[in-house]
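Comments concern the structure below.
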Amino acid sequence: MITSAETMTARDGVELAATLWRPAAHGRFPVLLSRTPYGRAEESAGFHLNVARLVEAGYAVALQDVRGTGDSAGRFEFLAHEAEDGHDAVRWAATAPWSDGNVGMYGDSYLGITQLLAAQEQPEGLRAIAPHVTPAGLYEIAYRHGIPHLNVTLTVAYVVFGLNELQRRIARGEADPAALERYTAVMLSPEHAERDPISDQPMLADLAPFFAEWMDNPDPRAELWKRAVVEHDRIRVPALMSTGWYDYFAEDTIAHFQRLDDRSRLIVGPWTHFTRDREIFGRDYGDLASQDAIDWTGIHLDWFGQWLRGEPMHDHDRVRYFVMGGDEWRTARHWPPREVRRVPYHLGQDGTLGTAPKSGGREFVSDPGDPVPTLGGAVMVFDGFGPLDQRPLDGRADVLRYQTEPLTAAVEVAGPVELVARVSTSATAADVTAKLIDVHPDGRAELLIDGIARVSDTGETRVELGEIANRFLPGHRIRVDVAGSNFPRFARNPHKGTTTVHAPSYLVLPISS
C-alpha cells in the first residue's frame, strides 16, 4: 500500500488537502472518497472502514479535509461549500492519474451529508454513495420541531469544531498552547450547557461562531438554513444509507432512504452515532449485533463492487434492521414494513396504557429552574447514552407515566412512533416530551426513543418520538413517560406553568404482524 499527500484546487482557487492510500501495483483504480472536517488520520471520526482492506481489494482511498479545516485552505463555514467542493473533489478523484474514472463516497455524520450534497450536483464519475448516521440538513442538526437540539449543537460546537479550530491555531502559532487547558476546563464543565441565553457562550464566539448564529435563527425559513438543503430528486446515484436506533440522526437517515430511488438500501442496527458494538452501557444485544459480526467493511465492498466495478452483489435485501428485545435481524422491501399496523394505545387518568379509549386527564408542572434531566437516549457525550434505566427519575411529580399490564404475548413494533396528545397549558408556551420505555419484569425501565413538541394553543399536539424496532417480550410492560422537559438533550422552555393532558390522548405504535 502506498500513502501520499495530495492537493486539489477547487473552482475558486482554494487548495484542499487529502491523504491517498492506493495499491502498490501500477495501474488505475476505482476511488473511494470521503470529505471530513475532523482531520484526515486513518482513524479519524466518521472514517470507520478498514482502509487496508479496501486497498487490498483494489481501491484507491482518498480522505480530504474540507475547506478551512486540517491542512485545507479557505474559511470553514458549516456545510456552506460542500455541494460545490464535493462536486470538484469527485471530478478530481475521477480524473487523477491513479483513477479509473469510477468514484464512490462514504463516511459518517458530516461526512455523510457531504456525499448527498455532492451527489445532487451530479459530478461525472460518481457511481454510488454510502452515507452513515446522516442529518437531513443544516436546520435539522440545530433544531428538532423548532426546539434547539442543544445536545448536538452545543457539543458539536465545543467538543468538535471549537476544539479542532483551537488546536489548528496552536499548530500554526496563532494561539497560546495554554489556551487549550483553559478551553478544555470550560468545555468539560456542566455549566456550559446551563447558560441562558444559550447563545451566550463567549469562548465559542471566536472559535465556532456558527453556534450563536444557529441559536439566533430559530425560524426554519431563515436564509441561513438554505446553505445545505438536500434535493433528493437531483440525486442520480444509489445510496447505502445506514444508522442506529440510538443515533440522533436515525429518523433523518431513514427519511433520506425513503426519498431516494429503489436502488438504495437501508441498514439499521442497535447502535449509537459513534459506535456499532454489541453492547451499550451494559445492554448486550448479542452475537449478531456488532459491526464485526455483520462485516461492516465487507458490506461496503459488496456495495461498491456492484456500482463501481459491475460485480454481482451478494446481499440483495433492500432493508435490513435489527429488532431489539428479540435481538435479531429482519429484512424487508420497505421501511416501515408494509405489514405494520398503526395501533393507538390510550393514556388513562389512572396511569394505564391500553387499546381501549380512556377518559379524564392528568397534569404536571414544568419548571425551567428544575427541568427533567436527560437520562440516556440518542445523545452525544453526556454521562450515559442509549438504553439507560429510567428508574433514577422515579418520584418526580413532573413526569406522567402510563403503562400496560404485563404482556401475555410478545408485541413487536417496527416503524415511527407518535404521541397524539390533547393538552392545555397555563404557560405562554410549553413543551411536551414523550419517552417510549420497555419495562422489564425486574423493574428495569429501558429507554427506547423520545421526542419533543412545543405547545402554544390548547388542542391536539403530535410528538414524534422517532423510528424503532423492538419486541416487547411476555412479562414486560409498554410504557410512555410524558413531561415538559428533557434537558440538556433539548433546550428548556423558559416558561413555567401547568400542562394538562386530556383524553383522548394516545400513543400510536406500529405493530408488526
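The values are calculated or read from the model by the stated rules, or taken from the named source; none is laboratory data. Since this is a predicted model, take the numbers as computed values, not measurements. All Cβ positions, even for glycine, are placed from backbone atoms using ideal geometry, and neighbour counts span all protein chains on display. For accessibility, only protein heavy atoms count, side chains too; no ligands or nucleic acids. Shrake-Rupley method; radii C 1.70, N 1.55, O 1.52, S 1.80 Å.
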Taking the residues in the range 441-463 that are basic (Lys, Arg) and either in a loop (DSSP other than H, G, I, E, B) or under 13 Å from residue 417 (Cβ atoms) (or both) as candidates, determine which candidate is most open to solvent (accessible area, probe 1.4 Å).
462
Quick one: which of 408, 404, 374 is farther than 25 Å from residue 159 by Cβ and either open to solvent by 20 Å² or more (accessible area, probe 1.4 Å) or of a type in the set (A, V, I, L, M) (or both)?
408
Failed item in (1) farther than 30 Å from residue 491 by Cβ; (2) assigned to a strand (DSSP E or B); (3) open to solvent by 70 Å² or more (accessible area, probe 1.4 Å), with residue 363 passing the rest
(1)
Some residue of the range 61-71 being in contact with a strand residue (DSSP E or B) (Cβ under 8 Å, 6 or more places away or on another chain) and closer than 30 Å to residue 495 by Cβ
no
Looking only at the range 312-344, count how many residues are closer than 19 Å to residue 438 by Cα, out of contact with any Gly (no Cβ under 9 Å at 6 or more places or on another chain) and open to solvent by 50 Å² or more (accessible area, probe 1.4 Å).
1
Provide a single number: the residues in the range 51-78 that are part of a loop (DSSP other than H, G, I, E, B) and over 19 Å from residue 8 (Cβ atoms).
3
Picking from 286, 244, the residue that is within 26 Å of residue 416 (Cβ to Cβ), at pLDDT 95 or above, part of a loop (DSSP other than H, G, I, E, B) and not acidic (Asp, Glu) would be 286
So residue 488 ticks every box in (1) closer than 23 Å to residue 330 by Cβ; (2) touching a helix residue (DSSP H, G or I) at 6+ places or on another chain (Cβ under 8 Å); (3) not hydrophobic (A, V, I, L, M, F, W, C) but one. Which box is left unticked?
(1)
Would you please list the contacts, defined by Cβ atoms under 7 Å and residues six or more apart or on different chains, that run from a residue in the range 54-68 that is closer than 11 Å to residue 99 by Cα to a residue that is modelled with pLDDT of 95 or more and of a type in the set (Lys, Arg)?
60/22
Within the range 256-276, the residues that are part of a helix (DSSP H, G or I) and either open to solvent by less than 10 Å² (accessible area, probe 1.4 Å) or in contact with a Lys or Arg (Cβ under 6 Å, 6 or more places away or on another chain) (or both) are 256, 257
